[in-house]
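Chemist: Let me give you the structure first, and then I'll get to my questions.
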Amino acid sequence: MLSTTAPHKISRSEADTEPRIGELVRSRENLLLNGWTERRITAAVKNGALFHLRRGWYIESAERERLWPEQQHLAHVLAVARDSRGGAAMSHTSAAVLHGLPLHRMTCVRVQMTTDAPHRISSAPDVARHVAPLPAADVAVVDGVRCTTLARTVFDLIRTLPLEAAVSVADAAERRMAERLREWDLQSVAAWRREIAARLAGAGGARGIRKARWVAEFADGRAQLPGESVSRLQLVRLGFAAPDLQVPVEGPTGGHYFVDFGLDDVNAWGEFDGKQKYLDEALRSGRSMEQVMLEEKQREDWIRGRTQRRFARWGFEHIVTASALRDRLSSFGIRAP
């Protein structure tokens with residue numbers, strides 16, 4: 001894409017807003033009020049037309065299948081929230097989906113809630129209960145749901161998630177704080193990093209704290225998608241220097257192309273190429289798949305010619321492991337120094 005600013009890419013977790021998903025989550029009482037019968041509800045669940053989120057709450061299966069995994073978990077979170085009473089707050093992965101953070105390769109079976117008192121949060125088996133300090137400053141209300149703040153949520157997740165998912169969360173949260181109308185706010189980045197660092201410094205020997213400190217230091221909000229975050233992690237694991245991100249290259253008509261990764265130590269470019277920008281009609285902005293692919297080829301040819309650097313592309317299948325990315329890069333003649 002030719003642009004004077006870095007393009008914004010929409011992640012799975014950002015594709016829909018909570019109010020729309022909230023409309024899809026329906027109670028048994030709502031269904032009955034709108035003409036359903038108990039027999040029809042039972043039959044619809046049995047034949048798969050209705051998905052049973054939890055006791056008394058449903059979503060149409062066809063609608064659920066159109067949602068990203070984060071949004072499917074959000075539907076479950078909303079059902080639990082509408083049943084909940086008391087001082088507990090949605091937390092961890094359940095707060096993450098309320099804040100629109102990605103959960104790379106995570107399967108969320110249970111809704112997670114935190115309370116600072118050891119009283120019972122819920123008697124249902126689909127809720128994981130955490131008892132931990134929960135000061136008022138760590139609680140927010142997002143779309144009507146009580147949950148941990150963005151900073152507390154990130155603090156909890158980078159200690160407990162697998163490394164790939166933790167880096168994706170940390171990058172996305174920093175981007176959320178720093179990106180203002182496509183302008184990068186360095187003061188906001190600095191303030192955000194100070195807040196996370198202060199939380200980690202005060203956590204002492206908490207579970208996962210060493211990993212969390214590494215993730216916080218490694219985080220870079222310029223990574224625009226989980227695939228870019230994980231790619232960056234795998235590149236460093238392979239021995240590449242930390243790549244420059246969203247590197248501008250002057251285009252043919254005065255604007256700039258932005259390349260995902262500048263691999264300066266091997267004089268090469270890298271691009272995470274998710275399939276979504278080719279398959280999703282909304283992201284194609286009215287262009288055909290063939291037109292998008294042609295424009296990408298023309299963009300890549302210009303960048304190669306302009307910079308005299310090698311150029312490699314890869315997708316999700318190439319970042320499952322560091323060795324898979326190494327093999328992909330080797331096919332382009334690019335190897336870690």
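The values are calculated or read from the model by the stated rules, or taken from the named source; none is laboratory data. What you see is a predicted model, and the numbers here were worked out from it, not measured in a lab. Heads up, the Cβs are rebuilt from the backbone with ideal geometry, glycines too, and the neighbour counts pull from every protein chain shown. These area figures cover heavy atoms from the full protein model, side chains too; ligands, DNA and RNA do not enter into them. Shrake-Rupley method; radii C 1.70, N 1.55, O 1.52, S 1.80 Å.
Chemist: Hey, does region 128-143 have a residue that's surrounded by 20 or more Cβ atoms within 10 Å (Cβ to Cβ) and closer than 30 Å to Glu38 by Cβ?
Modeler: No, there is no match, as no residue in region 128-143 is surrounded by 20 or more Cβ atoms within 10 Å (Cβ to Cβ) and closer than 30 Å to Glu38 by Cβ.
Chemist: Right, next: Would you pick out the residues in region 47-72 that are surrounded by 17 or more Cβ atoms within 10 Å (Cβ to Cβ) and among the aliphatic types (A, V, I, L, M)?
Modeler: Leu50, Leu53, Ile59, Leu67
Chemist: Taking region 238-267, which residues are of a type in the set (A, V, I, L, M, F, W, C) and loosely packed, with under 15 Cβ neighbours inside 10 Å? Spell out the reasoning first.
Modeler: Taking region 238-267 and keeping what is of a type in the set (A, V, I, L, M, F, W, C), we get 238, 240-242, 245, 247, 249, 258-259, 261, 263, 266.
Scanning region 238-267 gives Leu238, Ala241, Ala242.
Conditions tested, residue by residue: (1) of a type in the set (Lys, Arg); (2) open to solvent by 10 Å² or more (accessible area, probe 1.4 Å); (3) under 23 Å from Glu23 (Cβ atoms); (4) part of a loop (DSSP other than H, G, I, E, B).
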{"site": "Val77", "(1), (2), (3), (4)": "no, no, yes, no"}
{"site": "Gly86", "(1), (2), (3), (4)": "no, yes, no, yes"}
{"site": "Ala96", "(1), (2), (3), (4)": "no, no, yes, no"}
{"site": "Arg105", "(1), (2), (3), (4)": "yes, yes, no, yes"}
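Chemist: For region 323-335, give me the residue count where each residue is touching a residue at least 24 places away in the same chain (Cβ under 8 Å) and surrounded by 17 or more Cβ atoms within 10 Å (Cβ to Cβ).
Modeler: 4
Chemist: Among the residues of region 128-137, are any closer than 30 Å to Ala44 by Cβ, free of Cβ contacts under 8 Å to residues at least 40 places away in the same chain, in contact with a Lys or Arg (Cβ under 6 Å, 6 or more places away or on another chain) and assigned to a strand (DSSP E or B)?
Modeler: Residues of region 128-137 that are closer than 30 Å to Ala44 by Cβ, as a first pass: 128.
Within this subset, residues satisfying the condition of being free of Cβ contacts under 8 Å to residues at least 40 places away in the same chain are 128.
With in contact with a Lys or Arg (Cβ under 6 Å, 6 or more places away or on another chain) added as a condition, the list becomes 128.
Applying the additional criterion that residues be assigned to a strand (DSSP E or B) yields 128.
The answer is yes, given that some residue of region 128-137 is closer than 30 Å to Ala44 by Cβ, free of Cβ contacts under 8 Å to residues at least 40 places away in the same chain, in contact with a Lys or Arg (Cβ under 6 Å, 6 or more places away or on another chain) and assigned to a strand (DSSP E or B).
Chemist: Would you confirm whether or not region 28-37 contains a residue that is β-branched (Val, Ile, Thr) and either surrounded by 14 or more Cβ atoms within 10 Å (Cβ to Cβ) or closer than 25 Å to Gly144 by Cα (or both)? If you could, list the steps in order and put the result at the bottom.
Modeler: First, pick out the residues of region 28-37 that are β-branched (Val, Ile, Thr): 37.
Within this subset, residues satisfying the condition of being either surrounded by 14 or more Cβ atoms within 10 Å (Cβ to Cβ) or closer than 25 Å to Gly144 by Cα (or both) are none.
Within region 28-37, not a single residue is β-branched (Val, Ile, Thr) and either surrounded by 14 or more Cβ atoms within 10 Å (Cβ to Cβ) or closer than 25 Å to Gly144 by Cα (or both).
Chemist: Right, something else. Any chance you could count how many residues in region 20-73 are in contact (Cβ under 8 Å) with a residue 40 or more places away in the chain, under 26 Å from Leu101 (Cβ atoms) and not polar (S, T, N, Q)? If you could, list the steps in order and put the result at the bottom.
Modeler: Applying the first criterion (in contact (Cβ under 8 Å) with a residue 40 or more places away in the chain) to region 20-73 yields 21-22, 24-25, 27, 54-55, 64, 67-71.
Applying the additional criterion that residues be under 26 Å from Leu101 (Cβ atoms) yields 21-22, 24-25, 54, 64, 67-71.
Next, from what is left, pick out any that are not polar (S, T, N, Q): 21-22, 24-25, 54, 64, 67-70.
So the count comes out to 10.
Chemist: Additional query: If I ask for residues that are free of Cβ contacts under 8 Å to residues at least 60 places away in the same chain and open to solvent by less than 20 Å² (accessible area, probe 1.4 Å), which ones from region 219-237 would you list?
Modeler: The answer is Ala219, Gly221, Ala223, Glu228.
Chemist: Would you pick out the residues in region 186-225 that are closer than 17 Å to Val247 by Cα, touching a helix residue (DSSP H, G or I) at 6+ places or on another chain (Cβ under 8 Å) and not small (Gly, Ala, Ser)?
Modeler: Leu186, Asp220, Arg222, Gln224
Chemist: Hey, another quick one. Output the residues belonging to region 146-177 that are in contact with a strand residue (DSSP E or B) (Cβ under 6 Å, 6 or more places away or on another chain) and either on the phi > 0 side of the Ramachandran plot or open to solvent by less than 10 Å² (accessible area, probe 1.4 Å) (or both).
Modeler: Let us first name the residues in region 146-177 that are in contact with a strand residue (DSSP E or B) (Cβ under 6 Å, 6 or more places away or on another chain), namely 146-149.
Once the filter is applied, which keeps residues that are in contact with a strand residue (DSSP E or B) (Cβ under 6 Å, 6 or more places away or on another chain) and either on the phi > 0 side of the Ramachandran plot or open to solvent by less than 10 Å² (accessible area, probe 1.4 Å) (or both), region 146-177 yields Cys147, Thr148.
Chemist: Could you grab the pairs with beta carbons closer than 7 Å, sequence gap of 6+ or different chains, first residue in region 163-174 and over 20 Å from Thr321 (Cβ atoms), second one among the aromatic types (Phe, Trp, Tyr)?
Modeler: From residues that are over 20 Å from Thr321 (Cβ atoms), the pairs are Glu174/Trp192.
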